Structure formats: structure tokens, C-alpha cells
Amino acid sequence: MTNAPPEQPPAISAVVIGRNEGTRLLACLASLQPQVQRLIYVDSGSSDGSVAAARSLGVEVVALDMTRPFTAARARNAGLAELSTQEGFVQLVDGDCEVDAAWIPQAAEFLRQNPRVAVVCGRRRERFPEASIYNQICDAEWDTPIGEALACGGDALMRLSALRAVSGYREDLIAGEEPELCLRLRREGWKIWRLEAEMTLHDAQMTRFRQWWIRSRRAGYAFAAGAALHGKAQERHWVKETRRAVLWGMVLPGSALLLAMLFSPWALLLLLLYPLQLLRLSPRLGLRPALFSILGKLAESTGIAEHFWHRLHGTHRKIMEYKQPR
């Protein structure tokens, strides 16, 4: 009687996407190289030497055809296509993130022990939260509950077989592609899990109000796109978020101004609902985050309006970039 050979652990690869990430990309790739068997960088038209820098580290590089509309989802699918003959796990990472040295072994073991879990993510932190209120907002946004989750963000360890079962990311989404992917995975019986573990350090480099406004506007666009795709299904995907942004960003200010012009200036008292909302949110979020939560609804509503405009005219919006090249 011969002993069966020990089971080989699943292969672990990584797909990094980026555009003009400079030193952030180099830190990202260096953090991954000791942790994965195969490392693929998908570049989306960088002009800062990212492609050459990645190749100098021995990383496989896929340069996207930028004559076609670009989305992060398309870039991720291009990287996954390079793994079409492989099994195992893949770490998806944005090029402005550095992966914790203990993350992938811990996450991979969780996937091995839980065969119905397709995606596992951990704590993404902002590298410089003290640099601006906008970075602080990002850091708080990523502090999501531990345990089974509805979705992940851009950084996560995923099971390749599960990704193939749902045909990967939806490439026409300019934002919000991860929650949409996770929704389709959950429909197929897969689970999404958030571990209490450090995963990545993110460098938002968001120091100006305009950057934050663009990012919030992009979120509104994603809400509307997600609701248009899956809002009528039982999950009611992003319907609540879309309605909330429309209410606070469009209906309330628009109604107050219209009623004031048509009937009485007293209608402007409706705008007092904003400071009341600030008082309601401040004990839980803090004063400044609560203020930006309310302002964010105005930005999100413009993104929602953009989505419906493009949908009405049968066009597609280009990506919204808020970061500056480094």
C-alpha cells in the first residue's frame, strides 16, 4: 500500500491594474512578488514609464489597446485572461496599493478551508489619512463589517473557478464593477467574506475638494448604473443609494427653490433639513465627515443625472479620474 502524495496548495497569482501610478506601482509590485507564483500588471496607457519599470522587475505586462473605451473592469478581465489555463486563486489589486506581507497566506488558507467562498477581502487602509479630510473619509469608508459581506472593493483574493463561472467583470461599468460582480457570484451560490486582517495600504493622494467631488460624482454614476442593471431584482442593487442621493441632492434643493419662486420665500425653510441631518449624523460620524456625507449627495446626484443622460442618448461616459500622476 502506497501513501497518496500530499495535496498541492492552489497556485496563487496576482493581477495589478494601473495608469501613471509611478512609485506607488513599484511599491505594489514589490509587495506582491514574494507572495505569488505569477504576477501580471495591466497598464492602461501610462505615460510615466510604468510599463518599462514593471518589466524591469520581471513582471508580466499587458498593455491595453487604448483605442477602445477603457474601464478598470476591462483591465482586470485582460489580466484574468492571461490566467485562462490556470486554477487556484488570484489577488486583484489596484496599482496604488501595497499588499500586507501576511495577507495572501492568511486569505488563501481561508479560501482553502471554505470552498463556497469565492472572494475574501480584508482591511484596506489609507496610507496618509492625516493628509486631508478626503483621505480620512476614504479610510473610514473602507472599515467595513467583519464576516459574510455583500461585496468587496478593488483589492481581494478570488477563486479563479468562480470568476470564470460568471464570466468575470462587466466591462462597460466605469465604476462599481466589484459589487456588481459580487452580486452575480452570490446569485450562483458563492459567498463573499471580509476577514479581520490587514490587507492593503492605499495612497489616494486626495488633497483637493475637486478630487473628492469627482470621486463622489463617480460613485453616483455607479449607483445609477447598478440600479439600472439589477434594481428590479430581489437584491434591489443600489436602489436605496440612488434614491437617497436624488432626494438630498436634487429633490430637496430643487423643490425649495421652485416653491420659493412660485409661492413664497418661506419655502426656503425646507433647506433647514440639511442642518438637521447634520445634527443627526454628527454623533455617529463626526462633524466634518457628516458634513461631507451631506455634500456628497449633491455630487452623487450629478453623477446620477449624467448616467441617465448617457442612457437616454445611448452613449457611454468615459472614466472619471480624480488622481494626479506621480
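The values are calculated or read from the model by the stated rules, or taken from the named source; none is laboratory data. Worth saying up front: this structure is predicted, and the values here are computed from it rather than measured. As a convention, Cβ positions derive from the backbone with ideal geometry for all residues, glycine included, and neighbour counts pool all protein chains shown.
Scanning region 206-251 for residues that are of a type in the set (S, T, N, Q), within 30 Å of Arg127 (Cβ to Cβ) and surrounded by fewer than 18 Cβ atoms within 10 Å (Cβ to Cβ) yields a single hit, Thr207.
Going through (1) surrounded by fewer than 18 Cβ atoms within 10 Å (Cβ to Cβ); (2) in the same structural domain as Gly88 (by TED's automatic domain parsing); (3) charged (D, E, K, R) one by one, Glu180 falls short only on (1).
The listed residues are Leu80, Leu39, Leu26, and the only one of them that is part of a helix (DSSP H, G or I) and either under 24 Å from Pro10 (Cβ atoms) or touching a residue at least 60 places away in the same chain (Cβ under 8 Å) (or both) turns out to be Leu80. Of the candidates Ser282, Ser216, Ser293, Ser255, the single residue that is polar (S, T, N, Q) and in contact (Cβ under 8 Å) with a residue 24 or more places away in the chain is Ser216. The residue that is farthest from Ala305 (Cα to Cα), among those in region 224-251 that are of a type in the set (A, V, I, L, M, F, W, C) and more than 19 Å from the chain's Cα centre (by Cα), is Ala233. In this structure, is Leu285 surrounded by fewer than 20 Cβ atoms within 10 Å (Cβ to Cβ), more than 29 Å from Leu173 (Cα to Cα) and modelled with pLDDT under 95? It is true that Leu285 is surrounded by fewer than 20 Cβ atoms within 10 Å (Cβ to Cβ), more than 29 Å from Leu173 (Cα to Cα) and modelled with pLDDT under 95. Only a single criterion out of (1) in a loop (DSSP other than H, G, I, E, B); (2) in contact with a strand residue (DSSP E or B) (Cβ under 7 Å, 6 or more places away or on another chain) is not satisfied by Arg68, namely (2).
Of the residues making up region 252-269, none is over 30 Å from Gly189 (Cβ atoms), under 27 Å from the mean Cα position of the chain (by Cα) and surrounded by 17 or more Cβ atoms within 10 Å (Cβ to Cβ). Quick one: which strands (runs of 3 or more DSSP E) sit completely within region 90-190 and have at least 3 residues that are charged (D, E, K, R) and in contact (Cβ under 8 Å) with a residue 12 or more places away in the chain? Filter on region 90-190 gives 117-126. The conditions of being in a helix (DSSP H, G or I), among the polar types (S, T, N, Q) and closer than 27 Å to Leu111 by Cβ are met by Ser31. What residue, among those in region 288-326 that are of a type in the set (Lys, Arg) and loosely packed, with under 14 Cβ neighbours inside 10 Å, is nearest to Asn20 (Cα to Cα)? Out of the qualifying residues, it is Arg326.
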